[in-house]
Amino acid sequence: MKRNIVIDSIIDSELLEEGAVIILGFSGGPDSLCLLHALNEIRYALNFEIVPVHVNHHLRPESDAEAEHAEEICERMDLDCRVYDANCAEVAEELGIGTEEAGRNIRYQIFDDVADELIDEGKSFDKIVIALAHNADDQCETVLFRLLRGTGPHGLAGIPAYRRSASGHPIVRPLLGVERKDIEEYIKVNKLRPNIDKTNKENNYARNRIRNELIPYLEENYNPRIRETLRRFAATANMDDALLREIAFNEYTECMEVDGDSKRAIMNLSTIRDNPPAINSRVVSLVFELLELENLVSYENVIDVLELIYSDKPSAGIDLPLGLRAHREYDKLVFSTGEEAYVPDERIGIYPHLLMIKDFNPDEELPYAAFDFDLFDKEHPGMVGDIILRTREEGDYLPIKGGSKKIQDLLVDSKVKKNARDSIQMVCIGSEVMWVLPNPEFSGLAEKTKGKFSSKYAISDATERVLYIEIVDSL
């Protein structure tokens, strides 16, 4: 029976021990419903306690109905579904991040909160585990997505089957070895009625295009077993990365010292210079984690620091995000607040183009600017081609509600260091600034991740055409 593929995979994963108290992220969709049903089938045999948790993100008109349906499903299994409301759009706007990222952060925080509630109810910390329903197809889509976007070996390891939450609780994915077709078959055989997110069929997002277009194309034209190939690649990358990170961590603890008074992290190069780059690149990644830069740095930043480690120049240095600087002091590599002048990133450009409002569905994971095209065209008729990316010039201003603000004043108010102000890039038409690009030098989180926008051509309910501006690689 096909159902056994799912149940056997859960048991064989050895991610859930007998007697576990399982907090299950339950959207009510096919994957989480399959996991819930399968765990319910074996809960008495393995003495599982299942705590389904549904987070209503209020992002789609059907969100409330889906929450009610999730509760009904759990009731039929004699399970108490804990439903939480979260205004993802509000949180995303407040923090200046995409709604998907906001939703993910909210969910993981709620899972930890539920774990704390269970402990207060008398459950053992060691028994609590958070289970999520990512499947084998999610794994290969993630690997391909990261490969196309650009990532290091750690990113190519894909979705981990096991990791710890912020509060130290295990997060496991028992379906990571189960293909989506087997989940769909399980749903069909057991006559289950999942919630269906219709946006998964739309190709406005890069991840959806990979799922719906690219992978089928690769299967048809290059490798009919591309999904299996990507999963095998991720598993191999994960094994190699785990071993190398363990070695790197030992090296990291030997070579690093943190000077709390001067807020400097110092790397002793004499202990690691003979290591191969495969180890030292991971040591550098651990340093970035120490400095809380892991989500801001690029692969190029890692390579630049590696060049400093192996360089013969005793005083070489580079700039890093958040105003930090790495520089050589003979046999030491010092990470500290930099005071040298910053330079703009010449590797990026912009791509302005026109969209109808019905086609406007941007990837919230990437920075972009969007304006009412007709308002812009009325002010600057036929001048889209005059929009340029540059750094500040005398007389630049940003239109804001009720007037305008000089760029100089904006940078001062945003606490951008004087030596970094000429590195801030802006989308301009003449002296009018339409978009100040995101930059880690800004003090506010929204400015760091999204930038600052002109209010002059804001999109409204009356907008019919959108002037959409993306950041692109100019090299």
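Here, each number is a calculation from the coordinates, and none is a lab measurement. The shown structure was predicted, so the numbers you read here are calculated from the model rather than taken from an experiment. Cβ sites come from the backbone with ideal geometry, for glycine too, and all protein chains shown count toward neighbours.
I need the peptides 212-224, 420-432 ranked by packing, meaning the mean over residues of other C-beta atoms within 10 angstrom, with the highest value on top. Provide the component values of the computation, followed by the final result.
Values: 212-224: 12.5, 420-432: 18.8.
Ranking the peptides 212-224, 420-432 by packing returns 420-432, 212-224.
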Q: List the extent of the Cα atoms of the chain along each of their three principal axes, largest first, rounded to whole Å.
A: 72, 64, 53
Q | 3J(HN,Hα) from dihedral phi, the stretch 230-236, Karplus parametrisation 6.51/-1.76/1.60, rounded to Hz, x for glycine, proline | A | 5, 5, 5, 4, 4, 5, 5
(Q) Given points 7 Å out from each Cα along the Cα-Cβ axis, report the VAL412 to ASP113 separation in nanometres with one decimal. (A) 4.1
Q.
Can you list residues from other chains, or at least 5 along the same chain, whose modelled amide H is less than 5 Å from the amide H of TYR84?
A. HIS54, VAL55, ASN56
Q) So how do ARG227, ARG76 line up by other beta-carbon neighbours within 10 Å, fewest first? A) ARG76, ARG227
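Express in % the proportion of alpha carbon pairs of the stretch 3-224 at distances exceeding 28 Å. Don't jump to the answer; show the numbers that get you there.
Working: 7275 of 24531 pairs.
Of the Cα pairs, 30 percent sit more than 28 Å apart.
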**Q.** Cysteines without a disulfide-compatible neighbour (Cβ-Cβ under 4.7 Å), the chain
**A.** CYS34, CYS88, CYS140, CYS255, CYS428
Q) Once you sort the root eigenvalues of the Cα gyration tensor of the stretch 254-337 as a ≥ b ≥ c, which label holds: rounded (a/c under 1.5), prolate (a/b larger than b/c) or oblate (the other case)? A) rounded
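Indicate the gyration tensor shape class of the stretch 147-206 (rounded, prolate or oblate), computed on the Cα atoms with a ≥ b ≥ c the square roots of the eigenvalues: a/c under 1.5 is rounded; otherwise a/b larger than b/c is prolate and the rest oblate.
Numbers: a/c = 2.08, a/b = 1.33, b/c = 1.57.
Judged from the Cα gyration tensor, the stretch 147-206 comes out oblate (a/c at least 1.5, b/c at or above a/b).
Based on the Kirkwood radius over alpha-carbon pairs, what is the Stokes-Einstein translational diffusion coefficient of the stretch 405-475 at 37 °C with 0.692 mPa s viscosity, in µm²/s? Numbers along the way, then the final one.
On the way: Rh = 13.5 Å.
Diffusion coefficient, whole number: 244 µm²/s.
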Q: Would you pull out the residues with amide H under 5 Å of ALA316's amide H, same chain only if 5 or more places away, H placed 1.01 Å from N?
A: ARG328
Q.
Roughly how far apart, in whole Å, are the Cα centres of the stretch 408-444 and the stretch 100-127?
A. 39
Q: Subtract the Cα-Cα distance of VAL189 and LYS332 from 0.36 nm times their separation in residues, and report this length gain in nm to one decimal.
A: 45.2 nm
Q. How much net charge surrounds GLU246 when only other residues with a Cβ under 14 Å from its Cβ are counted (Lys, Arg +1; Asp, Glu -1)?
A. -2
Q | Base-10 log of normalised Debye intensity for the stretch 1-61 (one unit scatterer per alpha-carbon) at q = 0.12, 0.14, 0.18 Å⁻¹ | A | -0.32, -0.43, -0.66
Q: Search the structure for amide H atoms under 5 Å from the amide H of GLN425, placed 1.01 Å from N in the peptide plane, and list their residues when 5 or more places away or on another chain.
A: LEU437
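Counting pairwise Cα distances across the stretch 348-473, what percent come out greater than 25 angstrom?
So the pairs more than 25 Å apart make up 20 percent of the total in the stretch 348-473.
Could you compute the net charge surrounding SER315? Neighbours are other residues with a C-beta less than 10 Å from the C-beta of SER315; K and R count +1, D and E count -1. Working shown, then result.
Working: positive: LYS313, ARG328; negative: GLU329.
Once all neighbours under 10 Å are counted, the net charge is +1.
Give me HIS353, HIS37 ranked fewest to most by other Cβ atoms within 10 Å of their Cβ, as a rough exposure proxy. Don't skip to the answer; put the middle values down first.
On the way: HIS353 11, HIS37 19.
Taking fewest neighbouring Cβ atoms as first place, the list is HIS353, HIS37.
Contact order normalised by length for the chain, with contacts defined as Cα pairs under 8 Å and 6 or more residues apart; what percent is it? It would help to have the intermediate numbers written out before the result.
Numbers: 754 pairs, mean separation 61.6, N = 475.
Dividing the mean separation by the residue count of the chain yields 13 percent.
Work out, in µm²/s and without decimals, the Stokes-Einstein translational diffusion coefficient of the stretch 170-320 at 10 °C, 1.306 mPa s, Rh from Kirkwood over C-alpha pairs. Before the final figure, lay out the partial values.
Details: Rh = 19.7 Å.
Translational D for this selection: 81 µm²/s.
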**Q.** Calculated from backbone phi, Karplus (6.51, -1.76, 1.60) coupling profile of the stretch 355-362 in Hz, x at Gly/Pro
**A.** 10, 6, 4, 5, 9, 7, 8, x
Q: Tabulate in residue order the Karplus-calculated ³J(HN,Hα) for the stretch 75-91, using 6.51 cos²θ - 1.76 cosθ + 1.60 with θ = phi - 60°, rounded to whole Hz; enter x for Gly and Pro.
A: 4, 5, 9, 6, 10, 9, 8, 8, 9, 10, 9, 9, 8, 4, 4, 5, 5
Q. Hey, which lysines would be in cross-link range of LYS406, C-alpha to C-alpha under 20 Å, not counting anything within fewer than 8 residues on its own chain?
A. LYS415, LYS417, LYS418, LYS448, LYS450, LYS452, LYS456
**Q.** Footprinting exposure proxy for PHE442, PHE125 (fewest neighbouring C-beta atoms within 10 Å first)
**A.** PHE125, PHE442
